[in-house]
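Colleague: Below you'll find the structure I mean.
Since every read-out is calculated from the coordinates, none of them should be taken as a lab result. Computed from a prediction, not measured in an experiment: that's the story for all the values here. In this analysis, Cβ positions are derived from the backbone assuming ideal geometry, glycine residues included, and neighbour counts consider all displayed protein chains.
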Amino acid sequence: MTNTQTRRSFLTQVGCCLAASPLVTPVALAAAPGDKRLVVIILRGAMDGLDVVRPLGDRDFAALRPNVNMGDALPLNDFFGLHPGLAGLHPLWAKGELGFVHATSTPYRDKRSHFDGQDLLEAGIGPGGAIRDGWLNRALSLMPGTQLRTGFAVGGEDALLMHGDAPVSTWAPDAVLTLSTQSKRLLGRMYHDAPLFAAAMDEAVDLAGTLQAGGGDIETYGEMREAMGNAMQATAKGSTAEKLAQFTAERLLEDTRIASFSLGGWDTHNGQARALRKPLAEFERAILTLRDGLGPAAWGQTAVLAMTEFGRTARENGSQGTDHGTAGAMVLAGGAVRGGMVHGDWPGLANAQLYKERDLMPTSDLRAHAGTALAGLFGLAKSDLEAHIFPGLDMSAAPGILR
């Protein structure tokens, strides 16, 4: 293997783990007054909304994706079908406890970087705005009676979504491996003569702060590769989503009212039909674990919003996958949401209807849907949502996604 191939392989491994792994971000918790509950799940890696919620009634859909959308979709209505990998959630649709928002996105456009997209998603701002804290933390700062929920700071940095002045607590299900100064110097030496890789590695390390693994500090390139391999194997065991959701449900039955965590694995450039199996199974497990852990009464007052940094291309690529796109889908779950519906205006998939003849066209601002949830659950004012929580957002046409 050449030096270039080694660097590229390692960077791909590290970048995928950091940009899409749920282990980078612990559960963040906060107490708030009242009985309403909100859980925000960040789906890291850019979930393909066109595969998860398939527009079967659009006559251009099948031609764009002859190989990607495998398996028979489960019926949602006369236009949309649900990916068969979420069959366990289909009964929630019939009960009105599962819904979707389609053709939605943040204001982020064109550059399609996971890191930038996730930062803007969690900061709740448009490109060019100052990224200081997260929109969910800013919302907490406006809720009277918000207080820290005692938890376990096992490791990892707070997700930007909940970072800010309002008190929150964090917990993570696995041990972390911190990159020491010496370890970071090792990475710097490895990529000294490859500025492109060095810049990408610096961005990844700065974003993550810590990497998950099962050993001590890293001193050599071989140990770094082994540590990353251990981290990915730990993720592959498939228990993380259930742990995150179970812990969250237990806290929500106490005095916690707002929680967030992330699930990864949604970056499906190659062999998407196969690659989506695990993240879909993990996501399904997380939702069902939350429902079962909360029980009927608390679940009935809970809204789960699952969102991703951007969607994926309308056309499949040559590797039977999809690339980074623009509009995608948001998943809604819980007894407090208006389920049994696919919210939003469908733009169509004809070439002239696509964003830059490439991506699903956004017809709504994802932040507006999050804003209506905050207003409906916790009584936050429209003026505060537009000026403080989501600066520059126009809430005048925001749809209702809660019961």
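Colleague: Using the structure shown, select from 95/243; 111/356; 111/382 the pairs with a Cα to Cα distance greater than 24 angstrom. The partial results should precede the final answer.
Modeller: Values: 95/243 26 Å; 111/356 13 Å; 111/382 30 Å.
Correct reply: 95/243; 111/382.
Colleague: Quick query: amide H of residue 133 versus all other amide H atoms, modeled in the peptide plane; which residues come in under 5 Å with a sequence gap of 5 or more or a different chain?
Modeller: Excluding prolines and chain starts, which carry no amide H, there are no hits.
Colleague: Next question. Using DSSP to call loops (not H, G, I, E or B), can you name the trypsin sites (Lys or Arg not before Pro) in segment 348-392 whose Cβ has at most 16 other Cβ atoms within 10 angstrom? Mind dumping the intermediate values first?
Modeller: Values: sites: 356, 358, 367, 382; in loops: 356, 358.
When the trypsin sites (Lys or Arg not before Pro) of segment 348-392 are filtered for loop state and at most 16 Cβ neighbours within 10 Å, 356, 358 remain.
Colleague: Moving to a separate point now. Measuring from label point to label point, each 7 Å out along Cα→Cβ, what is the residue 358 to residue 77 span in nm?
Modeller: So the two model labels end up 3.0 nm from each other.
Colleague: Compute log10 of I(q)/I(0) for segment 293-339 with the Debye formula, placing one identical point scatterer on every Cα and leaving out solvent, at q = 0.16, 0.24, 0.26 Å⁻¹, to two decimals.
Modeller: Computed log10 I(q)/I(0) values: -0.59, -0.81, -0.88.
Colleague: Take the Cα atoms of segment 289-403, find their three principal axes, and give me the spread along each one in whole Å, biggest first.
Modeller: 47, 36, 21 Å, listed from the longest principal axis down.
Colleague: In cubic angstrom, how much convex hull volume per residue do the alpha carbon atoms of segment 341-403 span? Numbers along the way, then the final one.
Modeller: Numbers: hull volume 5.7 nm³, N = 63.
Residue-normalised Cα hull volume stands at 90 Å³.
Colleague: Considering the convex hull of the alpha carbon atoms of segment 33-80, report its projected area averaged over all viewing directions, in nm², one decimal.
Modeller: Values: hull surface 22.4 nm².
If I average the Cα hull's projected area over directions, I get 5.6 nm².
Colleague: Give me the one-decimal nm value for the distance between modelled label points at residue 277 and residue 70, 7 Å along each residue's Cα-to-Cβ direction.
Modeller: The modelled label-to-label distance comes out at 0.8 nm.
Colleague: Expected output is a single nm value to one decimal: the length gained when fully extending between residue 131 and residue 63, i.e. 0.36 nm times separation in residues minus the C-alpha distance. What is it? Numbers along the way, then the final one.
Modeller: Values: separation 68, 0.36 × 68 = 24.48 nm, distance 3.99 nm.
Length difference between fully extended and current span is 20.5 nm.
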